[in-house]
Amino acid sequence: MKTKRIAISRVFVYIFLIIVCFFSAFPFAWMLSAATNKSVEIVKGKVFFGTYLLENIKTTLSTVNLGRAFWNSMRNSVAGTLTSLFICSMAGYGFQIYRDKGKDRLIGILLLSMMVPFASIMVPLFRMFSQAKLLDTTMGFILPSISTAFLIFFFRQSSASFPYEIVQAARVDGLGEFGIYVRIYLPVMAPTFAAAAIVTFMNHWNNYIWPLIIMQSQQSQTMPLLTSGMIAGYTTDYGMLMVTVSVYTLPTAILFITQQRRFVAGVLGSVK
């Protein structure tokens, strides 16, 4: 009797999970199917795959500079992710490893900065970057987010599980602090770096407000700006828009699918 109840409960659990998966995956499936249909068919609500994919791709490539926008977003996102990981991981490592009475107060002040809305600092940032001649540059794109309180705190929490005895042993053996970070800390904390890389890359990739302010030419346009510009006119070609959105979604989907195990391991490690 007890076994039968367990089997019935599992059936309901699987049914619930199937329903959740359907509603989660349906928008992506509809996006891919819409890229193969005409704009009129999409407006009418057609959800099945069509035969208009090649025409939509040709129209997109001849109308907008999709390759340039994709390259700009990829270059800015990769550069911003690598820089943020390096700086924030070193900061989180330092906050956890080095012994100092004032570091907890400093991390508290750092966390308070998360409560400052970005809209309140946009105008001062723009004036600073304009005077520094960093408009329309990758450096101007990544500098405001080169170090975030969230990422530093994430690495600090993850470093709590890093054995301090290894650091002491490495120091006794004559290994320098940067050598400890590169040769010991990085390999051990690989899942944490994977989780942080996914979050940081997605933030850079989907960043809209700051590129809208600082990227002022068509040549420096990123994917979010290109996508928003395609729906700003009087008429919208939804087939062309869905092709662009599909290309826009592809990098983050591939990154998460290939690194999801490390992402979960890194998040669990930070919670511990």
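The values are calculated or read from the model by the stated rules, or taken from the named source; none is laboratory data. Since the structure is predicted, the reported quantities are computational estimates derived from the model, not experimental observations. Using ideal geometry, Cβ is built from the backbone for each residue, glycine included, and neighbour counts are taken over all protein chains shown.
Quick rundown of the values:
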{"item": "Matching residues in segment 56-112 - criterion: being without any contact (Cβ under 8 Å) to a residue 40 or more places away in the chain and of a type in the set (A, V, I, L, M)", "result": "61, 82, 106, 109, 112"}
{"item": "Residue within segment 61-76 that is modelled with pLDDT under 90 and in contact with an Asp or Glu (Cβ under 9 Å, 6 or more places away or on another chain) present", "result": "yes"}
{"item": "Scope segment 218-248; condition part of a loop (DSSP other than H, G, I, E, B), among the polar types (S, T, N, Q) and touching a residue at least 12 places away in the same chain (Cβ under 8 Å); matching residues", "result": "221, 222, 236"}
{"item": "Among (1) exposed (fewer than 12 other Cβ atoms within 10 Å of the Cβ); (2) part of a loop (DSSP other than H, G, I, E, B) - the single one residue 136 does not satisfy", "result": "(1)"}
{"item": "Flag for residue 43 being over 27 Å from residue 211 (Cβ atoms), surrounded by fewer than 13 Cβ atoms within 10 Å (Cβ to Cβ), in contact (Cβ under 8 Å) with a residue 60 or more places away in the chain and of a type outside the set (Gly, Ala, Ser)", "result": "yes"}
{"item": "Scan of segment 144-193 for residues that are under 22 Å from residue 108 (Cα atoms), in a helix (DSSP H, G or I) and aromatic (Phe, Trp, Tyr), ordered by number", "result": "150, 153, 154, 155"}
{"item": "Of residues in segment 194-216 being outside any helix (DSSP H, G or I) and at pLDDT 85 or above, the one nearest to the chain's Cα centre (by Cα)", "result": "206"}
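Yes or no, residue by residue, for (1) more than 28 Å from residue 222 (Cβ to Cβ); (2) out of contact with any Phe, Trp or Tyr (no Cβ under 9 Å at 6 or more places or on another chain); (3) modelled with pLDDT of 90 or more; (4) not in a helix (DSSP H, G or I):
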site: 7; (1), (2), (3), (4): yes, yes, no, no
site: 25; (1), (2), (3), (4): no, yes, no, no
site: 50; (1), (2), (3), (4): yes, yes, no, yes
site: 55; (1), (2), (3), (4): no, yes, yes, no
site: 80; (1), (2), (3), (4): no, no, yes, no
site: 84; (1), (2), (3), (4): no, yes, yes, no
site: 91; (1), (2), (3), (4): no, no, no, no
site: 99; (1), (2), (3), (4): yes, yes, no, yes
site: 111; (1), (2), (3), (4): yes, no, no, no
